[in-house]
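The values are calculated or read from the model by the stated rules, or taken from the named source; none is laboratory data. Source: prediction; values computed, not measured. Neighbour counts run over all protein chains shown; Cβ positions are idealised from the backbone, glycine included. Each accessible area value is taken on the protein alone, full model and side chains, heavy atoms only, with ligands, DNA and RNA left out. Shrake-Rupley method; radii C 1.70, N 1.55, O 1.52, S 1.80 Å.
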Amino acid sequence: MATVSIKNLVKSFDKTEVLHGINLDVADGEFIVLVGPSGCGKSTTLRIIAGLEDVSSGEIYIGDKMVNNLEPKHRDIAMVFQNYAIYPHMTVRKNIGFGLRTSKLSKPDREKRIDEVAEILAMTELLERRPSQLSGGQRQRVAIGRAMVRDPAVFLFDEPLSNLDAQLRTQMRLEIKKLHQRVKSTIIFVTHDQVEAMTMADRIVIMKDGDIQQIGTPFEVFHEPANMFVAQFIGAPSMNMIEGVWKDGSVKISNNLSIAMKVERQIADGTKVVLGLRPDDLTVGDEQKLFEGTVHVLEPLGAETLVYVTVDGREVIAKASGRTPPKMGATVSLSADANNMHLFDAKSGEALT
Amino acid sequence: MTTVDNLTVKASSKTLMAIKTGKRPKNMGQIIRWLLLFMGGIAMVTPIAYMISTSLKFPHEVYNLNFIPDEPTIENYTYVLEDGRFFGWFKNSLVIATLTTISNVLFDSLVGYTLCKFRFPGRTIIFVAILSTLMIPTEMLVIPWYLMSQSFGWLDTQWGIMFPGLMTAFGTFLMKQFFETVPDDFIEAARIDGLNELQIWWTVAMPLVKPALAALAIFVFLGNWTAFIWPLIVTNSMEMYTLPVGLSTFGDEADVAWELIMTGAAISTLPTLVVFLVFQRYIIRGVVMAGLKG
Ligand SMILES: Nc1ncnc2c1ncn2[C@@H]1O[C@H](COP(=O)(O)OP(=O)(O)OP(=O)(O)O)[C@@H](O)[C@H]1O
Ligand SMILES: [Mg+2]
């Protein structure tokens, strides 16, 4: 168990800088998820922590030790790769035991440790099989077993679930979470799936183009997004973004549409702003009516229905009950609680609420 | 026998069978294909059949071009096997071909692996330099090799016969290409697990390219088993001869003893057959393994 600190991490490949000064402190035993769109530098960050890539500048600490110049094997970490990286020419037992090859344990102790890990992962009967005789989920479990067996201070996962089908992914998500509660190691987990991030993380790190956009608990990044990127990246379907101009405590969207908002900080009149409304917070109904529009697409999801509404020439997504959805082409009123509205600076993208 | 020969033989025997069983060819294209395969098969099998046939003949019958000897005899075999020289040559060839094969399998793959999986300055230049040696024919290299052996005192030794072939550019190239199929993740995972680079090469990368290693082993073994020019040049004493060189000396100045040469050749195909059968298994298993990889 250990803390991990990244200080002013910059990484360039040849002349292209792909990480522009990352700072991150991971507490001991914390489950951190790095999330962001493809190519934002998640894997690169993880590989630098693992020691598979060198830093261009900056410092990496595991525990209190600066590890910039340590080989991966001396960093007390284990890594699980997206395509498992388990060896097809070895049995499951050999694969799991692979991480112990260099340990000082005696042979019987090693076998005991392998059996223990297999027990935890419920794959005792599979120990003598070869990877080709395993399903995708079982292979992933072998890969996790291989990481666990050495009892490392930090686990690194690089999109370990993305090769699995949806159902298995949900199941493995839960298993990894349980595993974390059991071994209490520090985990840094990379994914581009925001649902994975939300469900597993103690804290989420949202990255974009080699920069960190926000670090926060799932609650914080969902309810208090730091900027428009985070607001749109987290949550599905994406937050509705409506452009307007700030005037007299309201967002003026068009000549005949203005929405009043409570904002604590001072905003100059005439500032270009963007109003953010999660589809979940925008419901069909009259109670706290914001505006009206015409329904043009309905997406029934069972318990609720997503309603695509054209308001003043732009499309917004709202939510209606699954039992009594509005009709296509109908004119509906959309309501939202003033507390659930987000306001962003149109130019910088920073949150103003 | 090489794989190609083997396949052709199989294919042409199929053709033969089809003709025998009276299965009618479907169209002109198929007839031509069969005919070509048939001729190919004949071309491959004839020399071997003729070699065996000659080895069963008495000297006076050798120049009759009949396939079935009038008076078959195994006298040639007893003669060759009882002649002490034959075993000496056989042993030389076996030692040289085996050591060269081991050396190629180890060092070609070591260099191929390094060129494939490590980034270092000059990597491309080294690779191109290795490849470019493929374009120089052996005949041109024989004289420099000879001079080199002379100055090092390697003439007429087993080492002298072996040293030019201990690593080959072709083998290095082949292995480099095959190591491309080993995912980097495998190597990095092993690195994190604490193996050093040599251990990773041996325990992770090598087992994954077994089919390529088997193919390389077959090529190198056959190449060295049948090598003629260089062993002929570098050796002087009869005890140092390899099998092909030794066999060519059967008979006297006036008369080449073809029946004995053919007998020796027939016996000498046995180890190549063994090597092929042993390593072929790995090639097939390799294909099966690759097919199952999910
Ligand atoms: N070895 C490399 N050489 C050059 N550029 C690289 C290398 N590895 C990564 N990059 C670049 O660095 C950037 C970040 O890559 P990285 O793999 O970290 O992205 P990622 O966030 O993991 O994306 P994904 O979700 O697709 O895995 C990309 O623009 C990529 O092209
Ligand atoms: Mg990645």
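Data table
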| read-out | value |
| --- | --- |
| Leading residue at positive end of dipole, chain A (Cβ point charges), from A:His20, A:Val284, A:Leu298 | A:His20 |
| Filtered trypsin sites (Lys or Arg not before Pro), segment B:85-160: DSSP coil and at most 15 other beta carbons within 10 Å | B:Arg119 |
| Estimated [θ] at 222 nm from DSSP helical runs (n ≥ 4, -39500 (n - 2.57)) normalised by residues in chain B, nearest 500 | -22500 deg cm²/dmol |
| Anisotropy class of the protein assembly as shown from Cα gyration tensor, a/c 1.5 cut | prolate |
| Signed unit charges on C-beta, dipole axis of chain A, positive-most listed residue A:Gly58, A:Gly249, A:Ile234 | A:Gly58 |
| Order by protection proxy (mean Cβ within 10 Å, highest first), peptides A:279-288, B:64-73 | A:279-288, B:64-73 |
| Whole-percent carbon and sulfur share, accessible surface of chain B, 1.4 Å | 72 percent |
| A:Glu304 long-range amide H proximity, modeled H, under 5 Å | A:Gly322 |
| Listed residue (B:Trp159, B:Pro183, B:Phe173) projecting farthest to the positive dipole end of segment B:152-197, Cβ model | B:Trp159 |
| Under the Debye formula (equal points on every Cα, no solvent term), log10 I(q)/I(0) of segment B:213-269 at q = 0.14, 0.20, 0.30 Å⁻¹ | -0.45, -0.80, -1.18 |
| Spin-label pair A:Leu168/A:Arg110, simplified geometry with 7 Å Cα→Cβ offset, distance in nm | 2.9 nm |
| Cβ crowding within 10 Å averaged over residues, with A:12-21, B:50-59, A:39-48, A:240-249 ranked highest first | A:39-48, B:50-59, A:240-249, A:12-21 |
| Heavy-atom accessible area, 1.4 Å probe, ligands and nucleic acids excluded: residues of segment B:160-186 down by at least 20 Å² from chain alone | B:Asp185, B:Phe186 |
| Per residue value of the accessible surface for chain B (all protein chains in place, 1.4 Å probe), Å² | 56 Å² |
| Amide H within-cut-off set for A:Lys208, under 5 Å, with H built and near neighbours excluded | A:Gln213 |
| Per-residue average of Cβ from other chains inside 10 Å of B:29-37 | 0 |
| Global geometry of segment A:240-345, whether rounded, prolate or oblate, following the gyration tensor of its Cα atoms and the 1.5 cut on a/c | prolate |
| Per-residue average of Cβ from other chains inside 10 Å of B:203-214 | 2 |
| Highest-first arrangement of A:191-198, A:111-118, where packing means the average Cβ count within 10 Å | A:191-198, A:111-118 |
| Cβ-placed point charges (K, R +1; D, E -1), dipole of segment A:240-345 about Cα centre in debye, nearest 20 | 80 debye |
| Assigned charges on the beta-carbon of Lys, Arg, Asp, Glu; chain B dipole about Cα centre (debye) | 1720 debye |
| Between B and A, accessible area buried - total, square angstrom, nearest 100, 1.4 angstrom probe | 1900 Å² |
| Candidates B:Val128, B:Val111, B:Val182: whichever shows maximal mean-square fluctuation once chain B is modelled as a Gaussian network with Cα springs under 10 Å | B:Val128 |
| Under Karplus coefficients 6.51, -1.76 and 1.60, residue-wise ³J(HN,Hα) of segment A:341-353 in Hz, glycine/proline x | 9, 10, 10, 10, 6, 5, 7, 8, x, 5, 5, 10, 8 |
| Shielding by partners, peptide A:79-89 (average Cβ within 10 angstrom, other chains) | 5 |
| Helical contribution to [θ] at 222 nm, DSSP H n ≥ 4, -39,500 (n - 2.57), averaged over chain A, rounded to 500 | -6500 deg cm²/dmol |
| Segment B:155-262: GluC sites (Glu not before Pro) in DSSP loop, at most 16 other beta carbons within 10 Å | B:Glu180, B:Glu253 |
| Mean accessible surface per residue for segment A:4-225, computed with a 1.4 Å probe while every protein chain stays in place, in Å² | 43 Å² |
| Charge dipole (debye, nearest 20) of the protein assembly as shown; +1 at Cβ of Lys and Arg, -1 at Cβ of Asp and Glu | 1100 debye |
| Most mobile listed residue (B:Ser103, B:Ser151, B:Ser268) in chain B, GNM with C-alpha springs under 10 Å | B:Ser151 |
| Label-to-label distance, nm, for residues given as A:Asp151 and B:Glu82 (7 Å Cα→Cβ offset) | 7.4 nm |
| A:Arg150 accessible area, 1.4 Å probe, all protein chains in place, Å² to nearest 10 | 60 Å² |
| Built amide H within the under 5 Å cut-off of A:Leu34, gap 5+ | A:Phe189, A:Val190, A:Thr191, A:Val205 |
| Apportionment of accessible area to carbon and sulfur, segment A:240-345, percent (1.4 Å) | 45 percent |
| Global form of chain B, assessed from the alpha-carbon gyration tensor, a/c cut-off 1.5 | oblate |
| For segment A:30-75, residues shielded by at least 20 square angstrom of accessible area compared with the chain on its own, probe 1.4 Å | A:Arg47, A:Leu52, A:Pro72, A:Lys73 |
